[in-house]
Amino acid sequence: MVILFRIDDRLIHGQVVLGWGSALKPDRIVVADDEIAASEWERNLYASAVPPEMKVSILSVPEAAAQLKGGVFKGEKVILLVKHPKSVLALMDLGFPVSEVNVGGLHYREGREKVLEGVFLDAAERAVMRELAKRGVVLDGRALPGSPALKLNSRVV
Amino acid sequence: MSDGMGNPAIAGIIVTHGRLAEELLRTAELIIGHQEEFYAISGSDLCDENVIGKIREIIGKRGDAKALVFVDYFGGSCCINSVRAVEGEEGVKVMSGVNLPILLSFATKRGTMPFEEMVDHLIRRGRESVKVIDL
């Protein structure tokens, strides 16, 4: 069961493993990212960042959709991570239902504009967020479980 | 500065969350004075590409010198970005769990021993400095 679905361009890092991890006590972290899943070096790098008490799966978006739908993680508390907003849409289009997504870490880079603390979006990402909002997905803007939760839906329209 | 065998001194780069890197370097310099070839990068306000770019810029201009990247937290984004930045670079290592004793030891000993020996020495120094004070 996915207990947190988060968009974070750093994927596995301190805020996720410690910040969310200590609040939610996940059994597994699932990363859905085509680029990272395709490189053994990248997979090893991210897997090294996972503490021993958590399992980790680093999958392409289609693999992740298939495994999530297929009940591979049934009975486990899962934190699902994607780097790009478009991966959320891709998972939905592959039949994985999403009602809420945490928008936690999209850091500043050229072309991205600030939406709130720690969340910067470029035009394409904003369009994806609008589409997610249109499909009824709750966009929960928040870095950590204790941070004030800001619903982003009205800010991306 | 050299390593005592005619090689240029090892460059030090601290990469951390928050403003820890600047403060660690500033604090080390309060104790042992101004340091050349010692850099601090705080990851907080930068995206991953900019952190990686800054590290690459520093190691790119070190010439024949070795370099050590000190990161605060094993598995954190600073650690991941540092490993990414130095991938394929000869004579550059990333060490996690940086603390003040490691940095002071690095700054005062880096001219005195070869790179690999220096790395082992710093890890020992860092571990030895973590203890319960029981007199």
* Between the chain alone and the structure with every protein chain in place, find the residues of the stretch A:30-51 that drop at least 50 Å² of accessible area; heavy atoms, 1.4 Å probe. => A:TRP41, A:LEU45
* To do: With both partners inside chain B, how many of the DSSP beta bridges are antiparallel, as a percent to the nearest 5?
  => 5
* Asked: Given the Cα-Cα distance of A:VAL72 and A:GLU40 and 0.36 nm per residue of separation, how much length would full extension add, in nm?
  -> 9.3 nm
* Structure fact -> For the stretch B:1-105, the accessible surface attributable to carbon and sulfur atoms (probe 1.4 angstrom, ligands and nucleic acids excluded) amounts in percent to 51
* **Reachable aspartates and glutamates from A:LYS25, criterion Cα separation under 12 angstrom, eight or more residues apart if same chain** => A:GLU53, A:GLU76
* Estimated FRET transfer efficiency when R0 is 25 angstrom, pair B:GLU90-B:GLU49 (beta carbons, to 0.05) -> 0.60
* Under DSSP loop assignment and at most 14 Cβ neighbours within 10 Å, longest trypsin sites (Lys or Arg not before Pro)-free interval of chain B -> B:62-130
* Asked: If you build the Cα gyration tensor of the protein assembly as shown and take the root of 5 times each eigenvalue, what three semi-axes come out, in whole angstrom, biggest first?
  -> 39, 20, 18
* **Qualifying aspartates and glutamates (Cα of each under 16 Å from Cα of A:LYS69; at least 8 residues distant if same chain)** => A:ASP93
* Spacing of the two label points (7 Å from each Cα toward its C-beta) at A:ALA23 and A:GLU100, in nm -> 1.1
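How large is the accessible surface per residue of chain B, computed with a 1.4 Å probe and reported in Å² as a whole number?
On a per-residue basis, 51 Å².
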* To do: Would you pull out the residues with amide H under 5 Å of B:SER96's amide H, same chain only if 5 or more places away, H placed 1.01 Å from N?
  => B:VAL71
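In whole Å and largest first, what semi-axes does the C-alpha gyration tensor of chain B yield when each eigenvalue is scaled by 5 and square-rooted?
21, 20, 14
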* When the Debye formula is applied to the Cα atoms of chain A, each taken as the same point scatterer, what base-10 log of I(q)/I(0) results at q = 0.11, 0.12, 0.16 Å⁻¹? -> -0.39, -0.47, -0.87
* Asked: Among bridges DSSP assigns within the stretch A:1-133, what percent are antiparallel (round to 5)?
  -> 15
* **Integer Hz, Karplus 6.51/-1.76/1.60 couplings in order for the stretch B:67-82, x for Gly and Pro** => 9, 10, 9, 9, 10, 7, 9, 4, x, x, 5, 5, 5, 4, 5, 5
* **For the stretch B:28-41, Karplus couplings with θ = phi - 60° (6.51, -1.76, 1.60), whole Hz, Gly/Pro x** => 4, 6, 4, 8, 10, x, 4, 10, 7, 6, 9, 10, 10, 10
* What FRET efficiency, computed as 1/(1 + (r/R0)^6) with R0 = 51 Å and r the Cβ-Cβ distance, is obtained for A:ASP122 and B:ILE133, rounded to the nearest 0.05? -> 0.50
* Structure fact -> Simple SL model, points at 7 angstrom along Cα→Cβ for B:LEU100 and A:ALA47; separation in nm is 3.9
* **Pairs beyond 31 Å (Cα-Cα), from A:LYS83/B:LYS93; A:LYS83/A:LYS151; A:LYS114/A:LYS134; A:LYS74/B:LYS93** => A:LYS74/B:LYS93
* Let me know the volume per residue of the alpha-carbon convex hull for the stretch B:28-100, in Å³. => 97
* State, to one decimal in nm, how far the label point of A:TYR108 lies from the label point of B:GLU23, with both points 7 Å from Cα in the Cβ direction. => 2.0
* Structure fact -> Sorted by chain and then number, the residues having a modelled amide H within less than 5 Å of the amide H of A:LYS151, at least 5 places away or on another chain, are A:GLY141
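The values are calculated or read from the model by the stated rules, or taken from the named source; none is laboratory data. A quick note: this is a predicted structure, and the numbers were derived from the prediction, not measured. For neighbour counting, all protein chains shown are included, and Cβ atoms are generated from backbone atoms with ideal geometry for every residue, glycine included. The area values use the complete protein model at the heavy-atom level, side chains included, leaving out ligands, DNA and RNA. Shrake-Rupley method; radii C 1.70, N 1.55, O 1.52, S 1.80 Å.
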